[in-house]
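J.: Attaching a single structure in structure tokens format; questions to follow.
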Amino acid sequence: MSQALDTPPRQAGTTRTKDPHAKPALACGGMIAVALALAFFGRHPPTVVTIDPTAVSRSLDLAFRDLPDGSVMVVDATTGQDIQIIAPGGGGFVRVTMRSYARERMQRGLSDATPFHLAEMTDGTVFLQDRLTGRTMHLNAFGPANVGAFRAILDHGRATR
């Protein structure tokens, strides 16, 4: 006879052995469900940062031109004055930031003729704003060395005070 037939029937009131993995599996499943719910319901539309003109200590409207040797020329868009040349392989943060802004404009089919706005507030906060896309980047969030690269542009340019 098979072993299944040899097993005595379960008596009323007897308990089965609990699976030791049941509670951890339920806990993991619950955490996954909560994470998915938070990801789904926790999404917020991007907030638009407005720069209060009365709190601006200095600002520049900037254009960026690619040069034949791979350098990037930073230009005061108001006067046409060349402010700074970023050599190939140099100015990593400025170069990457501006490439990301330019890529967004290109993806949206927007003109590259409109300048970018760089502003330092009276409290030392530095913002880079693309008025075409509405994108504003709080540059202080990237650390003193990176925000310093943009402050150097303000220092060399004819920043409005």
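The values are calculated or read from the model by the stated rules, or taken from the named source; none is laboratory data. This structure is a prediction, so every number in the text was calculated from the model and none was measured. Neighbour counts are summed over all protein chains in view; Cβ atoms, including those assigned to glycine, are modelled from backbone coordinates with ideal geometry.
J.: Which condition number in (1) free of Cβ contacts under 8 Å to residues at least 60 places away in the same chain; (2) within 20 Å of Leu67 (Cβ to Cβ) is the one that Ala152 fails?
T.: (1) is the only condition that Ala152 fails.
J.: Further, regarding this structure: So which residues in region 132-160 are at pLDDT 85 or above and of a type in the set (D, E, K, R)?
T.: Correct list: Arg135, Arg151, Asp155.
J.: Something else about it: Looking only at residues in region 120-139 that are surrounded by fewer than 16 Cβ atoms within 10 Å (Cβ to Cβ) and not charged (D, E, K, R), which one is farthest from the chain's Cα centre (by Cα)?
T.: Thr122
J.: Looking at (1) within 26 Å of Thr54 (Cα to Cα); (2) touching a helix residue (DSSP H, G or I) at 6+ places or on another chain (Cβ under 9 Å), which is the one condition that is false for Ser111?
T.: Condition (1) is where Ser111 drops out.
J.: Next question, about the same structure. Name, by its number, the condition in (1) outside any helix (DSSP H, G or I); (2) modelled with pLDDT under 85; (3) not aliphatic (A, V, I, L, M) that does not hold for Thr79.
T.: All conditions are met except number (2).
J.: Here's something else I'd like to know. Taking the stated definitions as given, is Met106 in a helix (DSSP H, G or I) and touching a strand residue (DSSP E or B) at 6+ places or on another chain (Cβ under 6 Å)?
T.: Criteria not met by Met106.
J.: Also, quick follow-up: Which members of region 115-143 meet the condition of being part of a strand (DSSP E or B) and of a type in the set (D, E, K, R)?
T.: Hits for region 115-143 are Glu120, Asp130, Arg135.
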